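K.L.:
Here you go, one structure.
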Amino acid sequence: MGNPTGSAGGESFQFTVRSPQRSEAGGPLVFATARRARAVGLAALRAAQSALVIDCAALGPTDSAGLAVLLDWLAEARQTGRHLRFENLPEDLLRLARISAVDGLLQQGV
C-alpha cells in the first residue's frame with residue numbers, strides 16, 4: 001500500500017502493508033490525517049485473516065483525533081473477531097492515552 005493517507009503541514013501519514021498480518025504506520029496522526037488514516041487502517045484490518053500487528057515506531061505527532069483512530073481500529077477488530085496489536089507506540093502517544101485512561105488498551109490490543 002504505502003500511499004499517503006492525508007497530510008499535515010506538508011507531512012503525510014503513511015500506512016504500509018508488509019504482509020496480511022503486519023503493517024507499519026508513520027508520520028503525523030492528527031486531525032488533518034485522521035479520516036484517511038482511519039479508512040486505510042480499517043481496510044488493512046479487514047484484509048487480515050485473523051490477526052494484524054501494526055508497528056507504530058515511525059509515528060510522528062499524534063493528537064486526540066489520532067488516538068481516536070487507533071481506538072477505532074481496536075473496536076473494529078473486536079467487532080469482527082480479529083486480533084489487533086500495536087508495537088512500538090511512541091511515548092507521547094502513550095502519555096495522551098494515559099490522560100484518557102486507555103493506555104492499557106492500546107498496549108494490550110484485542
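K.L.:
With (1) at pLDDT below 95; (2) surrounded by 15 or more Cβ atoms within 10 Å (Cβ to Cβ) as the list, and residue 34 as the residue in question, which single condition is left unmet?
P.N.:
(1)
K.L.:
Now for a different question. For the stretch 1-18, give me the residue count where each residue is farther than 19 Å from residue 88 by Cβ and at pLDDT 90 or above.
P.N.:
Summing the residues that are farther than 19 Å from residue 88 by Cβ and at pLDDT 90 or above in the stretch 1-18 gives 1.
K.L.:
With respect to the numbered conditions (1) modelled with pLDDT under 95; (2) crowded, with 21+ Cβ neighbours inside 10 Å, which one is the sole condition not fulfilled by residue 21?
P.N.:
It is condition (2) that residue 21 fails.
K.L.:
Conditions: (1) more than 14 Å from the chain's Cα centre (by Cα); (2) farther than 23 Å from residue 16 by Cβ. Residue 64 meets all but one. Number of the miss?
P.N.:
Against the list (1) more than 14 Å from the chain's Cα centre (by Cα); (2) farther than 23 Å from residue 16 by Cβ, residue 64 comes up short only on (1).
K.L.:
Pairs needed: first member in the stretch 82-110, without any contact (Cβ under 8 Å) to a residue 60 or more places away in the chain and closer than 21 Å to residue 49 by Cβ; second member anywhere, basic (Lys, Arg) and in a loop (DSSP other than H, G, I, E, B); C-beta distance under 9 Å; at least 6 residues apart or different chains.
P.N.:
Pairs that qualify, where the first residue is without any contact (Cβ under 8 Å) to a residue 60 or more places away in the chain and closer than 21 Å to residue 49 by Cβ and the partner is basic (Lys, Arg) and in a loop (DSSP other than H, G, I, E, B), are 110/82.
K.L.:
For the stretch 46-58, name all the residues that are more than 9 Å from the chain's Cα centre (by Cα), buried (at least 20 other Cβ atoms within 10 Å of the Cβ) and within 18 Å of residue 106 (Cα to Cα). Can you show your working first?
P.N.:
Initial filter on the stretch 46-58 (more than 9 Å from the chain's Cα centre (by Cα)): 46-53, 57-58.
Narrowing further to those that are buried (at least 20 other Cβ atoms within 10 Å of the Cβ): 48, 52.
Of everything in the stretch 46-58, just one residue is more than 9 Å from the chain's Cα centre (by Cα), buried (at least 20 other Cβ atoms within 10 Å of the Cβ) and within 18 Å of residue 106 (Cα to Cα), namely 52.
K.L.:
For residue 79, all conditions in the list (1) more than 13 Å from the chain's Cα centre (by Cα); (2) of a type outside the set (Gly, Ala, Ser); (3) crowded, with 16+ Cβ neighbours inside 10 Å hold save one; what is the number of the exception?
P.N.:
All conditions pass for residue 79, except number (3).
The values are calculated or read from the model by the stated rules, or taken from the named source; none is laboratory data. What you are looking at is a predicted structure, and each value in this text was computed from that prediction instead of being measured. Positions of Cβ are generated from backbone atoms using ideal geometry, with glycine treated the same way; all protein chains shown enter the neighbour counts.
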